[in-house]
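What follows is a single structure, written as structure tokens, with notes after it.
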Amino acid sequence: MADQMPASPLLAAEHALVQRYGELMDSAALTEFFKFPHERALGRAASKDDFPVPVFRLAGRNGWFARTRDVAAWLTQLAPPSP
């Protein structure tokens with residue numbers, strides 16, 4: 001049975017991103033997705049609260065993390081839905 005794509009743009013983006021990255025995106029995934037030149041640039045933006053989605057650190061883990069669903073919500077609010 002094939003996966004059915006959700007009807008709304010937000011649900012479709014969430015589905016696609018969660019399938020690719022899981023529930024959390026780490027620094028490497030965020031660097032790739034937001035097209036930072038390297039993880040240090042991502043870290044500078046995150047440290048200055050100059051990031052389009054909430055990012056956070058996890059105890060015992062290096063780098064920054066974001067909820068994949070927050071990234072999907074940010075992505076879908078960038079442009080109005082196509083007809």
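The values are calculated or read from the model by the stated rules, or taken from the named source; none is laboratory data. What you see is a predicted model, and the numbers here were worked out from it, not measured in a lab. Every residue, glycine among them, receives a Cβ derived from its backbone with ideal geometry; neighbour counts consider all protein chains shown. Each accessible area value is taken on the protein alone, full model and side chains, heavy atoms only, with ligands, DNA and RNA left out. Shrake-Rupley method; radii C 1.70, N 1.55, O 1.52, S 1.80 Å.
In this entry, Ala28 passes the filter for residues that are at negative phi, in contact with an Asp or Glu (Cβ under 9 Å, 6 or more places away or on another chain) and not in a loop (DSSP other than H, G, I, E, B). Among the residues of the stretch 62-77, the one identified as under 19 Å from Leu10 (Cβ atoms), open to solvent by 100 Å² or more (accessible area, probe 1.4 Å) and either in a loop (DSSP other than H, G, I, E, B) or in contact (Cβ under 8 Å) with a residue 40 or more places away in the chain (or both) is Arg67. Within the stretch 6-31, restricting attention to residues that are open to solvent by 30 Å² or more (accessible area, probe 1.4 Å) and touching a residue at least 60 places away in the same chain (Cβ under 8 Å), which residue is nearest to Gly63 (Cα to Cα)? My answer is Leu10. Can you tell me which residue in the stretch 33-61 is most open to solvent (accessible area, probe 1.4 Å), limited to those that are closer than 21 Å to Leu17 by Cα and of a type in the set (Lys, Arg)? Applying the filter and picking the extreme gives Lys35.
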